[in-house]
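Student: One structure follows; several queries about it will come next.
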Amino acid sequence: MAVYRDGKLEQLWYGLYNPNGTNNTAELNALHHALLMAETAILAGQTAQILCDSTYAINCISKWAVGWRNKGWRKAGGEIKNLSIIQAAHAVYVRIESQVQLIHVSAHVGTQGNELADRMAMFAVESGREDLHPYGEELDIAAILRMRRG
């Protein structure tokens, strides 16, 4: 994740590596933790906006989860994959829905924050780090963008 404050890069986060996870698992985990960070910011009187390149993750949390919840966390087509992540993220989303903007951005088109988040995802894979951890190196954007792409 890339966290900006007042239009300036403030932090990068990586981790949550799961060797059995999928791209959707990673996207949902990132969105869940972005929502938690947004909630903290909102409680501190700040505004929050989350940009995410996964329409799947956005729809799971902000649209589909409502129907699944109302049906006892079931769907007609069978199993809801990544249910525990979806439930946790949806619970946060419901608490802050009126105070957070959740916006879809296209992936791999040069949007700085999205490209930095992509590099952090690959850094997480390379490190194997299972917890969410702040990137501790200098926030040299050009150098980070030269890192392995996803």
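A short reminder: the numbers here are calculations on the coordinates, not readings from a lab. Not measured: the values here are computed from a predicted model. A quick note on method: Cβ atoms are made from the backbone with ideal geometry, for glycine too, and the neighbour counts reach across all protein chains shown.
Student: Assuming ASP140 fulfils every condition listed in (1) in contact with a strand residue (DSSP E or B) (Cβ under 6 Å, 6 or more places away or on another chain); (2) farther than 19 Å from GLU27 by Cβ apart from one, which condition is it?
Tutor: (1) is the only condition that ASP140 fails.
Student: Scan the range 3-32 for residues that are touching a Phe, Trp or Tyr at 6+ places or on another chain (Cβ under 8 Å) and farther than 18 Å from TRP64 by Cβ and report the count.
Tutor: Number of matching residues: 6.
Student: So, one more: Quick one: which of LEU16, LEU35, LEU43 is touching a strand residue (DSSP E or B) at 6+ places or on another chain (Cβ under 9 Å), closer than 17 Å to VAL100 by Cα and not polar (S, T, N, Q)?
Tutor: None of the others qualify; the one that does is LEU35.
Student: Another one. Could you tell me which of the residues GLY15, GLY78, GLY67 is on the phi > 0 side of the Ramachandran plot, surrounded by fewer than 18 Cβ atoms within 10 Å (Cβ to Cβ) and of a type outside the set (D, E, K, R)?
Tutor: GLY78
Student: Could I ask something else about it? Scan the range 104-123 and give yes if some residue there is hydroxyl-bearing (Ser, Thr, Tyr), in a helix (DSSP H, G or I) and loosely packed, with under 14 Cβ neighbours inside 10 Å, otherwise no.
Tutor: No, the range 104-123 contains no residue that is hydroxyl-bearing (Ser, Thr, Tyr), in a helix (DSSP H, G or I) and loosely packed, with under 14 Cβ neighbours inside 10 Å.
Residues are listed down the side, and each one gets a yes or a no for (1) in contact (Cβ under 8 Å) with a residue 60 or more places away in the chain; (2) surrounded by fewer than 12 Cβ atoms within 10 Å (Cβ to Cβ):
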residue	(1), (2)
MET1	yes, no
ARG5	no, yes
GLU27	no, no
ALA30	yes, no
ALA34	no, no
MET37	no, no
